[in-house]
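Notes follow the structure.
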């Protein structure tokens, strides 16, 4: 597992969520396809992240990085802001928590796709 793996996993999740939200509210094959492709990416990068790691570590890193990426997207693309300085402090604590998880920037071992049978 690495920050790169978890970052891409989180981005795939956001793409899947956005695609399915557009599909749920307006229909169409393109939003459905984008949502599905996003979640295919989630499955791949989740498997990649779990190889040589634990569910506990991967889930904590995924939740933290996903929260930061989605918060950044909400600020940049939707112009949203938090109501209190304490909420920004909460985001800072997420960053500190990710630091303490000691997630490497790059993978230490090469990923090998497991066999199905």
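Only helices (runs of 4 or more DSSP H) wholly contained in segment 8-117 count here; list those with 3 or more residues that are touching a residue at least 60 places away in the same chain (Cβ under 8 Å) and surrounded by 15 or more Cβ atoms within 10 Å (Cβ to Cβ).
Details: elements: 29-50, 55-78, 85-100.
Correct list: 55-78.
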Here the residues within segment 42-57 that are in contact with a helix residue (DSSP H, G or I) (Cβ under 6 Å, 6 or more places away or on another chain) and farther than 15 Å from residue 111 by Cα are 42
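Every number in this text was worked out from the coordinates using simple rules, so none of it is lab data. Nothing here was measured: the structure is a model prediction, and the numbers come from that model. Glycine gets a Cβ as well: all are built from the backbone with ideal geometry, and neighbour counts include every protein chain shown.
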